[in-house]
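Step one of this worksheet: look at the structure below.
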Amino acid sequence: MSNPILVEVTRGNIVESRHRGAVCVVDGDGKVVLELGDVGRPTFPRSAVKAIQALPLVESGAADAYSFGDREIALACASHSGEPEHAGLAASMLGRAGLDHTALECGAHWPMRQEAALELARGGAAPSALHNNCSGKHAGFVCTCAHMGLNYSGYVNAGHRSQQMVREAMETVTGAAHEADICGTDGCSIPTYAVPLKNLALGFARMATGVGLGAERAKAARRIFAACMAEPFFVAGTERMDTRLMQAAGGRIMVKTGAEGVYCGAVPELGLGLAIKCDDGAGRAAETMVAAVLGRLLSGDAELSGAMRELANPVMKNWNGIEVGRVRPAGALAS
């Protein structure tokens, strides 16, 4: 099945590029509300499911033991920009467990935000694992191990107890088996599993509603979503789409991007979860797709829906600031 064209990029009045993809929106019982394209195709969610991967941090009692608030829990779900506030908070999380950045096994890279990278370079410093966009998630893994008395060494490996807990959470929440034959290695070195887009949407619907999770897991899921919605800067960073969408919605939506054109999210007040995948992995198209879907789901609120639709139609400018085109929803997503 060939996925439909859902995003167009214009230059002047001409369509210059097109992006295909798939969209799925379901409720907590798995009832499909919106389906575009092949939502049964196995998809690596990458970082889009960090909120589900953070469940052991809360359920184990580690978050409470180290007095983690909304910012720390949001960072544990983040693909942050490596800004000083992000790296500093990751260091603080580790410090509460008596550890430092050397405990992290995510690898180091320069901050994703150019200004933060330049500031680091101007100071003559090199990036550490704290600047890795996944350092908050990994700090959560390490702190969970420390709280439970587990040796955190090798915590990124599929056979480690840390990743076994994450896999169990992922399977329970999404309803999809996470087996070795569909397992790959994520950019931060933990396992990532290719499961149907429909199951990813279901997972976020269940996180939002608690349906099928049990009382304690549902409570942890609500806490994680509430933290992300309260502190969107710590989920992503300055001018990042995740942050902009959640700030615009004022605590009414939760969204999280993943590499290669994936987005997952939820609208708790509607009890809905969503998952999208841009076939060619383009982030610009994935951002337009998720904003357009949110605009449609929130159509009952003209102001908020309008804000989502505006974010779904960004203007493209050249280096002189001249408008040259737009990225816009297309096909069934535009209707």
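The values are calculated or read from the model by the stated rules, or taken from the named source; none is laboratory data. Keep in mind that this is a model prediction, so the values were computed, not measured. When we count neighbours, we look across all protein chains shown, and the Cβ atoms used for this are built from the backbone with ideal geometry, even at glycine. Just so you know, the surface numbers come from the protein's heavy atoms only, side chains and all, with ligands and any DNA or RNA stripped out. Shrake-Rupley method; radii C 1.70, N 1.55, O 1.52, S 1.80 Å.
Annotations
- Once the range 262-277 is narrowed to residues that are of a type outside the set (A, V, I, L, M, F, W, C) and closer than 13 Å to Ala51 by Cβ, the residue that is surrounded by the fewest Cβ atoms within 10 Å (Cβ to Cβ) is Pro268.
- Some residue of the range 169-189 being open to solvent by 10 Å² or more (accessible area, probe 1.4 Å), out of contact with any helix residue (DSSP H, G or I) (no Cβ under 8 Å at 6 or more places or on another chain) and more than 25 Å from Cys264 (Cα to Cα): no
- For the range 1-11, filtering for residues that are loosely packed, with under 15 Cβ neighbours inside 10 Å and at pLDDT 95 or above leaves 1.
- Unique match (being over 14 Å from the mean Cα position of the chain (by Cα) and within 28 Å of Gly175 (Cβ to Cβ)) among Leu294, Leu304: Leu294
- Test result for Thr288, over 20 Å from Val23 (Cα atoms) and among the β-branched types (Val, Ile, Thr): no
- Selection status of Val255, over 11 Å from the mean Cα position of the chain (by Cα) and of a type in the set (Val, Ile, Thr): no
- Any chance Gly82 is outside any strand (DSSP E or B), on the phi > 0 side of the Ramachandran plot and in contact with a Lys or Arg (Cβ under 8 Å, 6 or more places away or on another chain): yes
- Failed item, numbered, when Gly95 is tested on (1) outside any loop (DSSP other than H, G, I, E, B); (2) touching a residue at least 24 places away in the same chain (Cβ under 8 Å): (2)
- Every residue from the range 135-166 that is in contact with an Asp or Glu (Cβ under 7 Å, 6 or more places away or on another chain) and open to solvent by 10 Å² or more (accessible area, probe 1.4 Å): Val156
- Scanning the range 278-335 for residues that are assigned to a helix (DSSP H, G or I) and either open to solvent by 40 Å² or more (accessible area, probe 1.4 Å) or farther than 20 Å from Val267 by Cβ (or both) gives Gly283, Arg284, Ala285, Glu287, Arg296, Ala302, Glu303, Arg309, Glu310, Gly331, Ala332.
- Note on the range 22-57: residues that are over 30 Å from Gly140 (Cβ atoms), of a type outside the set (A, V, I, L, M) and crowded, with 19+ Cβ neighbours inside 10 Å total 2.
- Residues of the range 107-132 classified as assigned to a loop (DSSP other than H, G, I, E, B) and surrounded by fewer than 23 Cβ atoms within 10 Å (Cβ to Cβ), total: 12
- Scope the range 222-238; condition surrounded by fewer than 24 Cβ atoms within 10 Å (Cβ to Cβ) and of a type in the set (Gly, Ala, Ser); matching residues: Ala226, Ala230, Gly237
Residues are listed down the side, and each one gets a yes or a no for (1) touching a Gly at 6+ places or on another chain (Cβ under 9 Å); (2) closer than 20 Å to Leu272 by Cα; (3) among the basic types (Lys, Arg):
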residue	(1), (2), (3)
Arg223	no, yes, yes
Met229	yes, yes, no
Leu245	yes, yes, no
Gly250	no, yes, no
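- Enumeration of residues in the range 239-256 that are open to solvent by 20 Å² or more (accessible area, probe 1.4 Å) and of a type in the set (Asp, Glu): Glu239
- Evaluated against (1) surrounded by fewer than 24 Cβ atoms within 10 Å (Cβ to Cβ); (2) more than 30 Å from Met93 (Cβ to Cβ), Ala65 falls short on exactly one condition, (2).
- Residue list for the range 5-31, filter: under 28 Å from Leu200 (Cα atoms) and assigned to a loop (DSSP other than H, G, I, E, B): Gly28, Asp29, Gly30, Lys31
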